[in-house]
2 protein chains.
Amino acid sequence: MTAQDQPLTLSGERFSAVYQLGGTHTATQAQQRALDICLEQTVEFPHHLIPSAAIRDQIVGEVAALEPLGADRWEAVIRYPVEVAGRELTQLVNCLFGNISIKPGIRLTRFDLGESLGALYRGPRFGQAGLRALLGIQDRPIVCTAIKPMGLNPRELADLAYRLALGGIDLIKDDHGLTDQRFCPFDERVQRCTAAVERANRETGGRARYLPNVTAPATEIGRRARLAQNCDAGGLLFCPGLAGLDAMRALADDDALALPILSHPAFQGSFTLHPDGGLTHGVLYGQLNRLAGADATIFPSYGGRFAFTAPECRDIVDAATGPMAGFPSIFPVPAGGMGIARVPELIRFYGRDCCLLIGGDLHAQGADLVANCRGFLAAVRKASEE
Amino acid sequence: MTAQDQPLTLSGERFSAVYQLGGTHTATQAQQRALDICLEQTVEFPHHLIPSAAIRDQIVGEVAALEPLGADRWEAVIRYPVEVAGRELTQLVNCLFGNISIKPGIRLTRFDLGESLGALYRGPRFGQAGLRALLGIQDRPIVCTAIKPMGLNPRELADLAYRLALGGIDLIKDDHGLTDQRFCPFDERVQRCTAAVERANRETGGRARYLPNVTAPATEIGRRARLAQNCDAGGLLFCPGLAGLDAMRALADDDALALPILSHPAFQGSFTLHPDGGLTHGVLYGQLNRLAGADATIFPSYGGRFAFTAPECRDIVDAATGPMAGFPSIFPVPAGGMGIARVPELIRFYGRDCCLLIGGDLHAQGADLVANCRGFLAAVRKASEE
């Protein structure tokens, strides 16, 4: 039977999205704006022109709740039919925030897939528990750094990776600007860096992992990820803002790869910039990354080179670790100008179930990079015992 | 010779990006913020720790100009080495606006690839001239609409497409929320709609084209595009904000497809929302779409359901049609609540070299959709002669 023969009989199941409506003063305004979202995100058609009651009743979003949040702000909970989101992440995101991303004053603050829609997504393959098991670390935050700066050649970067692994860093990632430049080709870099980290592991008995950056053209991501796997890389770094959220999901879902994924926030800053529009930090860096299979989510922590506040960072932690469609918790990875001196404070704020990413400051501690890494790790161990 | 053996000897060629720096009062502040961008977007490393003069001189961005724009705003022109952007769109975008998207007060207002970097990108395959040739229309704006609302089955949508083509609409696109829902499967919809538009063309002698939406999971985009082509679809609709800008480029560059591409702005609204951050309308909807191979760019026009201003729309037109790396001009497609009554005014503003997209209002003119389309076309013809 083809779709043409079937009357529109959807399941009646719905998933929900919560929006803040800025610049909204009265209940009437709020109701009108919420109804507008219900139409815009589904039929994108004037209500009175919808050609059938079946479409009006079964396709259009519905306002489940509407509450004032202050003088000029309301919160709307809108429920969409699960079938509208189809069975694909691209359309799910479109339904949550496609066209209304362009309308001022609407901010998506969280979403809840419910059971049947959540079951369509695998989520993180490893999550916190899986990544801890791979690393053999249960009792402290994971420590992470990047090989940098851009301009070093693969041999020099491999030497860096070796010393970082020797110093005890758990996750050694490519700087996210390292892709496949002529002065630092992907294939050679990955071969050299994986070999260097393996050599260090043999010497230390450790389990450091190197994560190459597979953010790449659409037709090239798969090849780079397979090359990384063939080299026994320890995971993948990926920038969903540059190469697509669903491309990350495809990597995470690939049973032939089965590598942990560290998500990087490049090019995503605009989504959280306007307080009355876009996405909350929790939705962007927590929920969407988790839905798309990241095992750890890098974000610029409060108190660094960027401008997120402590509550915004807390929102990310909550979304990365709170209940969501049965998915495992993933690691929050506060970064962006963190320093070793701040380790105790960072662990007080983020707890032990985080991954601390320190870049430049590891190099600023003195000429002996191995010693600097050991200092970082010692600081993490000490603060974790307190 | 492997990269390890080579000293860092880049070409010295650079490409440029122009940023507005908000909340910046003094020349000293402006200089500091511009230098910060130079580091953040390349080495992401403190300047004094950069391990060699070669990297400092050849990799780090350089400030080419710095001018005040008003009391608290400066414009910085920054030049990056072409090799930093590599040979891939994902890294080019990362270099232009990756990490600094997360820093408040930085807005990318335009970029210029220069000759050697521009030559790495094919840009639009058809552009305005190519699409006009396919349609056989030289003297008036192209007219476009969407099949909608979601909830209709493929047979009903095909019937709509037939009537729209019969009424003289040039480009008949899927509503961007139509993907591959069970109630409207992609394959059946595309087969029926292409057949319906062909039937109408045989009756009218016209050249209407149906453009299915191939916004899809990363692993599925290629299959849907090939199916569209096998059905003789007239082009592709794609949402780069949902499925990735480079995924659009891959479609545009695919010689085996060779179909015109209409870009849709879903999920991209946050990029332009904050006046002191993100991307200008011209960069987002004009330059980036053109660079990634769109032949026409849909955006919400001033005076519709959304909130773009006339100058913002002018910025898109300029970026879609002005000189850029030798790429052909592409069609601006003002949309988002346009009505037939506004056709003369829209043509006065956008000129004849645009594509007018009217959705719901075509259905609001009366029960006879074919007559409504003819009315739309007549209004466009009349206003084009004035």
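Before moving on, here are some points about what is shown:
- Only a single criterion out of (1) more than 11 Å from every other protein chain (Cβ to nearest Cβ); (2) surrounded by fewer than 24 Cβ atoms within 10 Å (Cβ to Cβ); (3) not in a loop (DSSP other than H, G, I, E, B) is not satisfied by A:Ala258, namely (3).
- When residues in the range B:34-53 are screened for being within 7 Å of chain A (Cβ to nearest Cβ) and either touching a Cys at 6+ places or on another chain (Cβ under 9 Å) or more than 21 Å from A:Phe186 (Cβ to Cβ) (or both), 4 of them pass.
- Filter pass, B:Thr215 being under 25 Å from B:Phe126 (Cα atoms), assigned to a loop (DSSP other than H, G, I, E, B) and of a type in the set (Ser, Thr, Tyr): yes
- Residue in the range B:359-374 that is assigned by TED's automatic domain parsing to the domain that holds B:Pro141, in a helix (DSSP H, G or I) and basic (Lys, Arg) present: yes
- Residue match in the range A:151-163 (condition: surrounded by fewer than 21 Cβ atoms within 10 Å (Cβ to Cβ), in contact with a Leu (Cβ under 6 Å, 6 or more places away or on another chain) and not aromatic (Phe, Trp, Tyr)): yes
- When A:Asp276, A:Asp232, A:Asp253, A:Asp180 are checked against the criterion of being within 30 Å of B:Gln58 (Cα to Cα), assigned by TED's automatic domain parsing to the domain that holds A:Thr321 and charged (D, E, K, R), a single residue qualifies: A:Asp180.
- Subset of the range B:287-301 that is assigned to a helix (DSSP H, G or I) and either under 8 Å from the mean Cα position of the chain (by Cα) or among the polar types (S, T, N, Q) (or both) - its residue that is nearest to B:Ser263 (Cα to Cα): B:Asn289
- Listing of strands (runs of 3 or more DSSP E) fully contained in the range A:106-176 that carry 1 or more residues being assigned by TED's automatic domain parsing to the domain that holds A:Cys38 and touching a strand residue (DSSP E or B) at 6+ places or on another chain (Cβ under 6 Å): A:106-112
- Residue within the range B:61-73 that is within 9 Å of chain A (Cβ to nearest Cβ), crowded, with 16+ Cβ neighbours inside 10 Å and under 24 Å from A:Leu157 (Cβ atoms) present: no
- B:Leu8 being more than 14 Å from every other protein chain (Cβ to nearest Cβ) and hydrophobic (A, V, I, L, M, F, W, C): no
- Unique match (being over 22 Å from B:Tyr350 (Cα atoms) and within 8 Å of chain A (Cβ to nearest Cβ)) among B:Arg122, B:Arg107, B:Arg155, B:Arg163: B:Arg155
- Meets criteria (surrounded by 16 or more Cβ atoms within 10 Å (Cβ to Cβ), among the acidic types (Asp, Glu), under 18 Å from B:Ile102 (Cβ atoms) and touching a strand residue (DSSP E or B) at 6+ places or on another chain (Cβ under 8 Å)) for B:Glu40: no
- Test: residue in the range B:232-241 that is under 26 Å from B:Gly168 (Cα atoms), touching a Ser or Thr at 6+ places or on another chain (Cβ under 6 Å) and among the acidic types (Asp, Glu): yes
- Breaking point among (1) surrounded by 23 or more Cβ atoms within 10 Å (Cβ to Cβ); (2) more than 14 Å from chain A (Cβ to nearest Cβ); (3) not small (Gly, Ala, Ser), for B:Leu134: (1)
- A:His25 away from every other protein chain (no Cβ under 14 Å) and not β-branched (Val, Ile, Thr): yes
- Apart from one condition, B:Asp368 fits all of (1) closer than 23 Å to B:Ala258 by Cα; (2) surrounded by fewer than 18 Cβ atoms within 10 Å (Cβ to Cβ); the exception is (1).
- Leading residue by the ranking (farthest from the other protein chains (Cβ to nearest Cβ)) among those in the range A:219-247 that are in a loop (DSSP other than H, G, I, E, B) and acidic (Asp, Glu): A:Asp232
- Qualifying positions in the range A:273-310 - at pLDDT 95 or above and among the aliphatic types (A, V, I, L, M): A:Leu273, A:Leu279, A:Val283, A:Leu284, A:Leu288, A:Leu291, A:Ala292, A:Ala294, A:Ala296, A:Ile298, A:Ala310
- Considering (1) at the interface with chain A (Cβ under 8 Å from one of its Cβ atoms); (2) in a strand (DSSP E or B), the lone condition that B:Ile100 does not fulfil carries the number (2).
- Odd one out for A:Pro332 among (1) of a type outside the set (Asp, Glu); (2) buried (at least 24 other Cβ atoms within 10 Å of the Cβ); (3) within 14 Å of chain B (Cβ to nearest Cβ): (3)
- Considering residues of the range A:195-218 that are away from chain B (no Cβ under 14 Å) and in contact (Cβ under 8 Å) with a residue 40 or more places away in the chain only, the residue nearest to B:Gln91 (Cα to Cα): A:Leu211
- Pairs linking a residue in the range A:309-322 that is surrounded by 15 or more Cβ atoms within 10 Å (Cβ to Cβ) to a residue that is of a type in the set (A, V, I, L, M), with Cβ atoms under 6 Å and 6 or more positions apart or on different chains, are A:Ala320/A:Ile330.
- Taking the range B:262-285 as the range and being touching a residue at least 40 places away in the same chain (Cβ under 8 Å), surrounded by 24 or more Cβ atoms within 10 Å (Cβ to Cβ) and more than 11 Å from chain A (Cβ to nearest Cβ) as the test, the residues that pass are B:Leu262, B:Val283.
- Test: A:Arg182 is without any contact (Cβ under 8 Å) to a residue 24 or more places away in the chain, in a helix (DSSP H, G or I) and surrounded by fewer than 21 Cβ atoms within 10 Å (Cβ to Cβ): no
The values are calculated or read from the model by the stated rules, or taken from the named source; none is laboratory data. Keep in mind that this is a model prediction, so the values were computed, not measured. In this analysis, Cβ positions are derived from the backbone assuming ideal geometry, glycine residues included, and neighbour counts consider all displayed protein chains.
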